[in-house]
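Let me begin by handing over the structure; questions about it come next.
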Amino acid sequence: MPSQFESMPSSPALLHRRQWMAMALTAGAATALWPAAHAVAVQVTPSATPQDQLIMGISMNNLLSLDPAGATGNGVVEIAANLYDFLIELHPEDTTRIEPGLAQRWEVGADGRSLVFHLREGARFQSGAPVTAQDAAWSLHRVLRLNLALATPWKGYGFTAKNAERQIRALDEHTLRIDLPIATDPKMVLYTLATSVSAAVLDRQTVLLHEKDGDLGAAWLNTHAAGSGAFRLDQWRAKEILMMSRFDGYWRGPARLRRVVMRHMTESQSLRLMLARGDLDMATGLSVPDIQALKTTPGMVVHTVQRGTMYYVAMSMQDSKFADPRVRQAVRSLIDYQGIDRAVMPFYGRLQQRPVPLGLSATLPQPGYVLDVPAARALLAQAGLGDGFDTTIRVVAEAPFINIATSVQSTLAQAGIRASVLPGTGNQVYGAMRERKFEIVVGRGGGGAEPHPHSSLRALAYNPDNRDAARLTNFQGWRTGFYSPRLNGMIEQALLEPDPGAQQRAYQAIQRVYEDEVGPILPISQMVETVVYRNTVQGYVGHPSATTRLHGVFKASAPLGAAGHG
């Protein structure tokens, strides 16, 4: 029997639009559809996706689960923000502004140790059940009881599976109280409630209908959803397609789009061609040349938003070579930061060598790291590795990661470090990192969703328990085995500092110590999310915390003119 691809016409230019759309909505058709060399030569006829649907081409390589208790990675955040509601939200143009979500208002206790949320009446889950404070409390209890990756920030605030029901409780149907087990900055807790997938409010009754062997619905929620968000999940097939339909009972009123279709696509030239044809409305993950070309294409908008997430090179201190700070310092001198920034990172990131994101008052100026092969050779000789060594670089097999890894491989070789690049899926790369079974990873992460220095330092530098059994898998610092009691103490104290000026100085001191101790995670660039869409798409506002909501997005009936840059 011929395969789906074998039965297709040889040239996409010959496809009738309906033919193509039918195949585009069939799982597995798009990624390998058009060879790149062929695609650029094709003369295309503009078409249009359905007026009430948003068709997106995105990479799902790092979309591993939809369960709010364990779903990691940037890709899942936008999906969760549309399937679920959070108690509160951050304004997309000023992330320090906290806005109502399911909670209409909230109070912080005078001592900073309690938070009380007043939930709006009339909000309902997609099942029809009312959203209650009991659901909100249970959702957080569940995260802690399952103790998966996204329990990590809550454990950092002192919550445990044992104390969760005592510290997080519904006072009545619409009032939720959270008592903080340990002193912390309540702003950070609010930011986490507004940005972390773990803070999504779940439909408790629906989830428990699907519970098996006491898993709190975890197996079912990997591929399903039970929320109150603007869209309900129709289906998700890993690395193929995700479809959401409008929830007409949404408390903000129905979304303007009837359906959102996300297709897994990683081939940049296919994305570009499909955008040009009108077979996609929106795409991410395009290469720099294709974005540059689309910027001047009539009817296209290039929209960028600065994220707090970092691209980094991480070394495992479980490996004896990288446990030596001289070797880590050598690797720090073997990265062509400026070359990567110029050649690889346009539209993907901005040069940043500090663990605290750009734009925060506590962020120090760049330390000025440059590629310095002689200095690296001298450090390796001091560490007894003058002849270099063999190692591996794990990396997600897509841009810009693979381009960064290739550059690092090349510059490591100049000092005799023979690195093999191991491309893989998100699960293969970050799964190995979470299991602490890697040598070098070129990756992206490190918090940054919350507009607070603690967000990134907690992820990249803080590691209160370095035992394998601690399983602080959402802390990149733990994944690398980096354990600095001095830095841990400084990070804990800075969070509690009530004076803003003193707190800023404390965070600046932490960055200097991290530099002196040669932390094994070397930030090289701060993420810029670039989305290209047809200008018929209106109302799209990318969120710096990745919680981009599509509720207000709609499509104009006709193209609106020339290209733009959002």
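Tell me which residues, restricted to the stretch 347-363, are of a type outside the set (Lys, Arg), crowded, with 16+ Cβ neighbours inside 10 Å and out of contact with any Phe, Trp or Tyr (no Cβ under 7 Å at 6 or more places or on another chain).
Keep residues of the stretch 347-363 that are of a type outside the set (Lys, Arg), which gives 347-349, 351-353, 355-363.
Still in the list and also crowded, with 16+ Cβ neighbours inside 10 Å: 347-349, 351-353, 355-357, 360, 362-363.
The answer is 347, 348, 352, 357, 360, 363.
Has the stretch 116-128 got any residue that is in contact with a helix residue (DSSP H, G or I) (Cβ under 9 Å, 6 or more places away or on another chain), assigned to a helix (DSSP H, G or I) and either on the phi > 0 side of the Ramachandran plot or open to solvent by 20 Å² or more (accessible area, probe 1.4 Å) (or both)?
Taking every residue of the stretch 116-128 in turn, none turns out to be in contact with a helix residue (DSSP H, G or I) (Cβ under 9 Å, 6 or more places away or on another chain), assigned to a helix (DSSP H, G or I) and either on the phi > 0 side of the Ramachandran plot or open to solvent by 20 Å² or more (accessible area, probe 1.4 Å) (or both).
If I go through the stretch 310-322 residue by residue, how many of them are open to solvent by 10 Å² or more (accessible area, probe 1.4 Å) and in contact (Cβ under 8 Å) with a residue 12 or more places away in the chain?
Looking only at that region, the number is 4.
Which residue pairs have Cβ atoms under 7 Å apart, sit 6 or more places apart or on different chains, and have a first residue in the stretch 435-451 that is of a type in the set (Asp, Glu) and a second that is open to solvent by 20 Å² or more (accessible area, probe 1.4 Å) and in a loop (DSSP other than H, G, I, E, B)?
439/319
Exactly one of these conditions fails for residue 223: (1) over 19 Å from the mean Cα position of the chain (by Cα); (2) open to solvent by 20 Å² or more (accessible area, probe 1.4 Å). Give me its number.
(1)
Do you know which residues across the stretch 480-516 are assigned to a loop (DSSP other than H, G, I, E, B) and either closer than 17 Å to residue 450 by Cβ or open to solvent by less than 30 Å² (accessible area, probe 1.4 Å) (or both)? Show your work before the answer.
So the first thing to find is which residues in the stretch 480-516 are assigned to a loop (DSSP other than H, G, I, E, B), and the list is 481-484, 497-499.
Correct list: 481, 482, 484, 497.
While we're here: Does residue 486 satisfy the condition of being closer than 23 Å to residue 324 by Cβ and over 24 Å from the mean Cα position of the chain (by Cα)? Give the derivation first.
Numbers: closer than 23 Å to residue 324 by Cβ: yes; over 24 Å from the mean Cα position of the chain (by Cα): yes.
It is true that residue 486 is closer than 23 Å to residue 324 by Cβ and over 24 Å from the mean Cα position of the chain (by Cα).
Just to check your reading of the model, which residue among 258, 272 is under 24 Å from residue 307 (Cα atoms) and either of a type outside the set (Ser, Thr, Tyr) or surrounded by 21 or more Cβ atoms within 10 Å (Cβ to Cβ) (or both)?
Values: 258 fails: under 24 Å from residue 307 (Cα atoms).
Within the list 258, 272, the selection yields 272.
Going by the conditions given, is residue 297 in a loop (DSSP other than H, G, I, E, B) and farther than 27 Å from residue 77 by Cα? Before you say what the answer is, go through the steps one by one.
Numbers: in a loop (DSSP other than H, G, I, E, B): yes; farther than 27 Å from residue 77 by Cα: yes.
Here the answer is yes, as residue 297 does meet what is asked.
Also, quick follow-up: So which of 123, 170 ends up being touching a residue at least 60 places away in the same chain (Cβ under 8 Å) and touching a strand residue (DSSP E or B) at 6+ places or on another chain (Cβ under 8 Å)?
One residue alone meets the criteria, 123.
Looking at (1) in contact with a helix residue (DSSP H, G or I) (Cβ under 9 Å, 6 or more places away or on another chain); (2) at pLDDT 95 or above; (3) crowded, with 18+ Cβ neighbours inside 10 Å, can you tell me which one residue 206 breaks?
All conditions are met except number (1).
Considering 477, 431, 519, which residue is of a type in the set (Gly, Ala, Ser), at pLDDT below 95 and surrounded by 24 or more Cβ atoms within 10 Å (Cβ to Cβ)?
477
Here are some residues: 394, 377. Which one is modelled with pLDDT of 95 or more, among the basic types (Lys, Arg) and not in a helix (DSSP H, G or I)?
On the way: 377 fails: not in a helix (DSSP H, G or I).
Selected residue: 394, the only one of 394, 377 that is modelled with pLDDT of 95 or more, among the basic types (Lys, Arg) and not in a helix (DSSP H, G or I).
Moving to a separate point now. Anything in the stretch 193-223 that is part of a helix (DSSP H, G or I), in contact with a strand residue (DSSP E or B) (Cβ under 8 Å, 6 or more places away or on another chain) and more than 19 Å from residue 451 (Cα to Cα)? List them, or say none.
none
Here's the yes/no breakdown for (1) out of contact with any Lys or Arg (no Cβ under 9 Å at 6 or more places or on another chain); (2) more than 28 Å from residue 291 (Cα to Cα); (3) in a helix (DSSP H, G or I); (4) charged (D, E, K, R):
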{"position": "358", "(1), (2), (3), (4)": "no, no, no, no"}
{"position": "369", "(1), (2), (3), (4)": "no, yes, no, no"}
{"position": "385", "(1), (2), (3), (4)": "no, yes, no, no"}
{"position": "403", "(1), (2), (3), (4)": "yes, no, yes, no"}
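Using beta carbons and a limit of 6 Å, which pairs, at least six apart or on different chains, have the first residue in the stretch 387-401 and open to solvent by 40 Å² or more (accessible area, probe 1.4 Å) and the second one in a strand (DSSP E or B)?
390/418; 394/422; 394/441; 397/423
Please tell me if residue 152 is in a helix (DSSP H, G or I) and either open to solvent by less than 40 Å² (accessible area, probe 1.4 Å) or without any contact (Cβ under 8 Å) to a residue 60 or more places away in the chain (or both).
yes
With respect to residue 401, is the statement that it is of a type in the set (Phe, Trp, Tyr) and within 24 Å of the chain's Cα centre (by Cα) true?
Against the criterion (of a type in the set (Phe, Trp, Tyr) and within 24 Å of the chain's Cα centre (by Cα)), residue 401 qualifies.
Now, a different point. Would you confirm whether any residue within the stretch 309-316 is under 30 Å from residue 466 (Cα atoms) and assigned to a loop (DSSP other than H, G, I, E, B)?
Looking for residues that are under 30 Å from residue 466 (Cα atoms) and assigned to a loop (DSSP other than H, G, I, E, B), one finds at least one in the stretch 309-316, hence yes.
Sticking with this structure for a sec: If you go through the stretch 155-178, how many residues are among the hydrophobic types (A, V, I, L, M, F, W, C), outside any strand (DSSP E or B) and open to solvent by 10 Å² or more (accessible area, probe 1.4 Å)?
So the answer is 1.
Further, regarding this structure: Quick check on this structure: which one of 162, 187, 239 is free of Cβ contacts under 8 Å to residues at least 12 places away in the same chain and among the basic types (Lys, Arg)?
162
Here is a follow-up. Looking at (1) assigned to a helix (DSSP H, G or I); (2) farther than 28 Å from residue 457 by Cβ, which is the only condition residue 190 fails?
Only one criterion is unmet by residue 190, namely (2).
Still on this model: List every residue pair whose Cβ atoms lie under 6 Å apart, where the two residues are 6 or more positions apart in sequence or sit on different chains, the first residue falls within the stretch 206-229 and is farther than 19 Å from residue 130 by Cα, and the second residue, located anywhere, is part of a loop (DSSP other than H, G, I, E, B) and at pLDDT below 95.
222/65
The values are calculated or read from the model by the stated rules, or taken from the named source; none is laboratory data. Predicted, not measured: the structure shown is a model, and the values here were computed from it. Note that each Cβ is placed from the backbone with ideal geometry, even for glycine, and that neighbours are counted across all protein chains shown. Note: areas computed on protein heavy atoms with side chains; ligands, DNA, RNA excluded. Shrake-Rupley method; radii C 1.70, N 1.55, O 1.52, S 1.80 Å.
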